[in-house]
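The values are calculated or read from the model by the stated rules, or taken from the named source; none is laboratory data. In this text, all values refer to a predicted model and were calculated from it rather than measured experimentally. Note that each Cβ is placed from the backbone with ideal geometry, even for glycine, and that neighbours are counted across all protein chains shown.
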Amino acid sequence: MSKPNDSSSKQENLSDYQRRRIEENRQKAINLRQARLLTHPYNSSDRKQPTETAVSVNNVIKVSGTKYVDSGGGFLIEQRTNPTEEEAKQQEEPVPESDAVPVPIEYDECLECGDRFADSYLLTTFDYSVCDACREPDGQHSLITRTEAKQEYLLKDCDLDRREPVLKFISRKNPHNVRWGEMKLYLHLQIEKRALEVWGSEEKLMREKEEREEKREVAKVKKYNKRLKELRMDVRSSLYDKTVQAHVHSYGDSEVYNEADDTYTRSCETCGHSETYEKM
C-alpha cells in the first residue's frame with residue numbers, strides 16, 4: 001500500500017523541467033501513434049475497433065474532420081469544402097473520350113525459325129527479317145566493311161548506294177586509327193545477294209576476278225621490266241643513246257595529183273604518213 005504514496009512523492013519531487021520533458025515525450029508518442037495509424041490504417045492491433053483519427057475511402061483520407069486526397073506521390077492534398085467556380089466547372093465537365101484509332105502491331109516472320117516477332121536487331125538495323133534468338137553475329141549474320149565488300153565482290157559505289165533497294169549499314173570508329181573516317185559495316189548476306197544481282201551468277205563473278213587478277217599480274221610484270229630496264233640504263237649509261245631526236249618526214253618524189261578535187265597527196269618514205277594539200 002506504500003507504492004502509490006511513493007510514486008506521488010516522486011512526482012512531487014520532480015522539477016518543472018523534468019515535468020515539461022515528460023509531457024513533450026508523451027505528446028511525441030501520441031503523434032507517432034497517430035501517424036502510424038494514418039499510414040497503415042488496417043494494421044491496427046485491435047481490428048474490431050475502427051480508427052477515429054484517419055479514415056480512407058476512395059483515396060480520400062479524413063483526419064480530425066479534414067479531408068485529404070492521396071495523390072499517390074507521397075503527399076496528401078487537402079480537399080476543399082467550398083471549391084472555386086473554375087474547380088467546380090472542371091469537376092462537372094465530362095472527360096472527353098479518345099477517338100484515336102489503335103495502331104495494329106505488325107509481326108514479321110523469321111527466315112530461320114519461322115516464328116513471328118515484332119522487333120529485332122537485324123530487322124531494325126539492316127531490314128533483315130531474323131529474330132534475335134536466331135541471330136549469329138559471328139556466323140552467317142556477320143558484318144563486312146565497305147572496302148572488303150568492294151574488293152571481294154567487285155562492287156562499285158553505285159551498287160551499294162544507288163541500286164534499289166539501297167543497302168543499310170552501321171557506322172563504327174576505325175579500330176586502326178581513330179582519326180580516320182568511320183567504317184561502314186554491311187550485312188554479309190546482303191552483300192552476297194547484291195553481288196549476284198550485279199554479276200548474274202557466282203561463276204561469272206569468279207571468272208571476272210580471275211581475269212582481273214591476270215591483268216594485275218601482267219601489269220606487275222610490265223612495271224618490273226620497265227624498272228629493270230631503267231636500272232640497266234643507269235648502270236650502262238655509255239651503251240645507250242638517251243638523246244631524243246624529232247622525226248622529220250621524207251616525202252621524196254611521191255607527190256600525186258588528184259584531178260577530181262584539184263589537190264596533191266604525198267607520203268613519207270619512212271613512216272608512211274600522208275598529207276593532202278593544194279597548190280596556188
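Do the conditions hold for Leu228, that is, is it over 21 Å from the mean Cα position of the chain (by Cα) and at pLDDT 90 or above? When the stated conditions are applied, Leu228 passes them.
Conditions tested, residue by residue: (1) surrounded by 10 or more Cβ atoms within 10 Å (Cβ to Cβ); (2) at pLDDT 90 or above; (3) at positive phi.
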{"residue": "Cys158", "(1), (2), (3)": "no, yes, no"}
{"residue": "Met233", "(1), (2), (3)": "yes, no, no"}
{"residue": "Arg236", "(1), (2), (3)": "no, no, no"}
{"residue": "Gln245", "(1), (2), (3)": "no, no, no"}
{"residue": "Glu255", "(1), (2), (3)": "yes, no, no"}
{"residue": "Glu259", "(1), (2), (3)": "no, no, no"}
{"residue": "Thr263", "(1), (2), (3)": "yes, no, no"}
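Each residue in region 108-139 was checked for being surrounded by fewer than 16 Cβ atoms within 10 Å (Cβ to Cβ), in contact with a helix residue (DSSP H, G or I) (Cβ under 7 Å, 6 or more places away or on another chain) and hydrophobic (A, V, I, L, M, F, W, C), and 1 pass.
I need the full set of residues from region 113-130 which are of a type in the set (A, V, I, L, M), in a loop (DSSP other than H, G, I, E, B) and at pLDDT 90 or above, in order please. Of everything in region 113-130, just one residue is of a type in the set (A, V, I, L, M), in a loop (DSSP other than H, G, I, E, B) and at pLDDT 90 or above, namely Val130.
Scan region 144-173 for residues that are in contact (Cβ under 8 Å) with a residue 24 or more places away in the chain, basic (Lys, Arg) and either more than 11 Å from Arg194 (Cβ to Cβ) or outside the structural domain of Ala195 (by TED's automatic domain parsing) (or both) and the total you get is 2.
The condition (being at pLDDT 95 or above and either farther than 28 Å from Glu109 by Cβ or surrounded by 10 or more Cβ atoms within 10 Å (Cβ to Cβ) (or both)) is satisfied by just one residue among Tyr186, Tyr153: Tyr186.
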